[in-house]
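To keep things clear, I will list the structure first and then write my remarks on it.
The values are calculated or read from the model by the stated rules, or taken from the named source; none is laboratory data. Source: prediction; values computed, not measured. Note: ideal-geometry Cβ built from the backbone for every residue, glycine included; neighbour counts use all protein chains shown. All accessible areas refer to the heavy atoms of the entire protein, side chains included, with ligands and DNA or RNA removed. Shrake-Rupley method; radii C 1.70, N 1.55, O 1.52, S 1.80 Å.
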Amino acid sequence: VGFAEKLNFPDNFFSMVLCFTVLEHVSDVNSSLNEMYRVLRPGGKAMIVCPDYRYPEEPHYKVTVPPPFFFPHLAKKIIKAKSRPTDFFDSLNFLSRGFLKKILSRMNIPHYFVREMSYKVTNKFILKLYLRCLKIDRNIFLVITK
């Protein structure tokens, strides 16, 4: 039991860290990423999966909305119009590949992204092509290496 921002483990403790749909919920993304890197052994990997909020969906609510990364207030109005509670929405970190890349590069943490290539929300060919060209996937698959 603990918080991602301050993991209760010594440095170089794990060979693998798995963070699945958690990063969008933490209070401090930078500290959480730094802690995951800190507890990795040399040669270890952290595998992180989180929603890409540039995608036209809010995955927790399973609602198609304008991308929350760009239009959080509009996305929230649509969720509310569907009679869903919005308190949870206000606590989310709207993450994108570029945002995470900027943080990790600033902290000099080696990393790479894996493309998901799934477009569950839409069957429209033009939108799929647009999302693919912009490298917008439903989820971000990030690997941190040490």
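Here is how the numbers come out for the structure above:
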read-out: Some residue of the range 94-108 being of a type in the set (Ser, Thr, Tyr) and within 17 Å of VAL26 (Cβ to Cβ); value: yes
read-out: Among the candidates LYS80, LYS62, LYS76, LYS102, residue that is surrounded by fewer than 17 Cβ atoms within 10 Å (Cβ to Cβ) and in contact with a Ser or Thr (Cβ under 6 Å, 6 or more places away or on another chain); value: LYS80
read-out: The range 83-99, subset open to solvent by less than 80 Å² (accessible area, probe 1.4 Å) and in contact (Cβ under 8 Å) with a residue 24 or more places away in the chain, residue farthest from THR145 (Cα to Cα); value: PHE89
read-out: LYS135 vs. criteria exposed (fewer than 15 other Cβ atoms within 10 Å of the Cβ), modelled with pLDDT under 95 and under 15 Å from the mean Cα position of the chain (by Cα); value: yes
read-out: Any hit, the range 54-73, residues being free of Cβ contacts under 8 Å to residues at least 24 places away in the same chain and assigned to a helix (DSSP H, G or I); value: yes
read-out: Enumeration of residues in the range 15-29 that are in a strand (DSSP E or B) and more than 12 Å from LEU142 (Cβ to Cβ); value: SER15, MET16
read-out: Of the criteria (1) within 30 Å of PHE9 (Cβ to Cβ); (2) without any contact (Cβ under 8 Å) to a residue 12 or more places away in the chain, which one ILE48 fails; value: (2)
read-out: Residues that are β-branched (Val, Ile, Thr) and open to solvent by less than 90 Å² (accessible area, probe 1.4 Å), drawn from the range 1-12; value: none
read-out: Of the criteria (1) within 15 Å of the chain's Cα centre (by Cα); (2) surrounded by 15 or more Cβ atoms within 10 Å (Cβ to Cβ); (3) part of a helix (DSSP H, G or I), which one VAL49 fails; value: (3)
read-out: Given (1) farther than 27 Å from ASN12 by Cβ; (2) surrounded by fewer than 14 Cβ atoms within 10 Å (Cβ to Cβ); (3) over 14 Å from the mean Cα position of the chain (by Cα); (4) modelled with pLDDT of 90 or more, number of the condition ASN108 does not satisfy; value: (1)
read-out: Flag if ASN34 is part of a loop (DSSP other than H, G, I, E, B) and among the polar types (S, T, N, Q); value: no
read-out: Search result, residues across the range 13-46 that are more than 12 Å from ASN93 (Cβ to Cβ), open to solvent by 70 Å² or more (accessible area, probe 1.4 Å) and of a type outside the set (D, E, K, R); value: PHE13, SER15, MET16, LEU18, PHE20, ASN34, PRO42
